[in-house]
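These notes are about the structure you will find just below.
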Amino acid sequence: MNYKILINFPTNIGDTFLSLAAVDKIRGNYPEGTITAIASPRNKELLLRNTSVNEVITFDKKWKWSQKLSFARDLRNKYDIIVDFKNSFLPVIIGVKKHTPFIRKFPKDSHLKDRYLQLVSKLAPQPTTVKSDFILNDIERQKYESLLKSKTIFIACSSLSRIKEYPKEYLDEVVKKVIKKYPVAILGVKQDKYLYDEIIDRYDVINLLGKTRIFEIFYLIKRYALLMLCVDSAICHLSSYADVPTIGLFGPTPAYRSYPWADNSRIIKREDLECAPCDKPYCSHNFECMKIEPMRIVEEIENLNAGK
């Protein structure tokens, strides 16, 4: 049956990647269904490229209330199922009887990905092997063929939340060791240059700062990554969904909630601090939890690659 399915996606890109395993369950259980995504301006382009999504409509939380009500009215009587990852009143407003639950209780210390999967467990009870991808055109793919020649270690140690970043002087030590054996590529936005400028000047790394959109990063690492070294960020969740071996550096955020779940992935964190993980947006202890000994990371990289 060609069910018309509406999915209200999380606002942030990181949470969107965490939700994709649940979207795969929906797609696998309703293979002939039409999936419409409600996207934020942040994740609209990403969802337009996703192979499980048929249509994307944009909702901006900055709209006036009149705009939001008009948006909701336009959705009435158009859908058979709604997956509401935001837990809003939208299912009631648009009159969809088959929807994700309003009352949400999750196991203590459960991963965010698993929470999204639990939300769709009754709507999509059958196991599935469906996994979505992101569509690139020929020009977008070809621009990387001359740039990346072999399997590469990708590094993404910046974050919108500065307290989750890996310190640049520590990262310098990691790059100095691993680049002797492996190609290294740096991922991030242009504004992250402050973290990587000395590394880019000092070592023969592949500088991709500001040169890749998020769906292109998915394509790149899925095809070229030896492994991903990252902090708790959208790229960590992207890498996990791409099933790339990932080393996640964790400090202020609880690792159980968003650890990398791809095969052969690792968590590295400080075990000697009482203040971590604090799960706070600020730090009163000079970011000590992110000062992870570089040789621990280098050794873990070697261990991961030795096990391949």
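Structural remarks
- Relative contact order (%) - the chain, alpha-carbon pairs under 8 angstrom, separation at least six: 17
- Calculated mean residue ellipticity at 222 nm for the chain: -10000 deg cm²/dmol, from DSSP H runs with n ≥ 4 weighted as -39500 (n - 2.57), summed, divided by the residue count and rounded to 500.
- Euclidean distance of C-alpha centroids, segment 273-308 and segment 90-128, integer Å: 33
- Neighbour counts of other Cβ atoms within 10 Å put Cys236, Cys275, Cys283 in the fewest-to-most order Cys275, Cys283, Cys236.
- Prolate/oblate/rounded label for segment 164-308 (Cα gyration tensor, a/c 1.5): rounded
- For segment 144-196: rounded, prolate or oblate by the Cα gyration tensor [a/c cutoff 1.5]: oblate
- Taking segment 92-188 and dividing mean pair separation by its residue count, relative contact order in percent (alpha carbons under 8 Å, at least six apart): 25
- Each residue, Lys280 and Lys151, gets one label point 7 Å from its Cα in the Cβ direction; the gap between the two is 4.2 nm.
- Distance between modelled label sites at Ala72 and Phe287, nm, 7 Å Cα→Cβ extension: 4.2
- Tensor-based shape of segment 4-119 (alpha-carbon gyration tensor, a/c under 1.5 rounded, otherwise prolate or oblate): rounded
- Relative contact order (percent, whole number), segment 187-297, Cα cutoff 8 Å, 6+ residue spacing: 18
We did not get these values from a lab; they are worked out from the coordinates using the rules stated. Just so you know, these numbers come straight off a predicted model, no measurement behind them. No Cβ is skipped: glycine too gets one built from the backbone with ideal geometry, and neighbour counts run over all protein chains shown.
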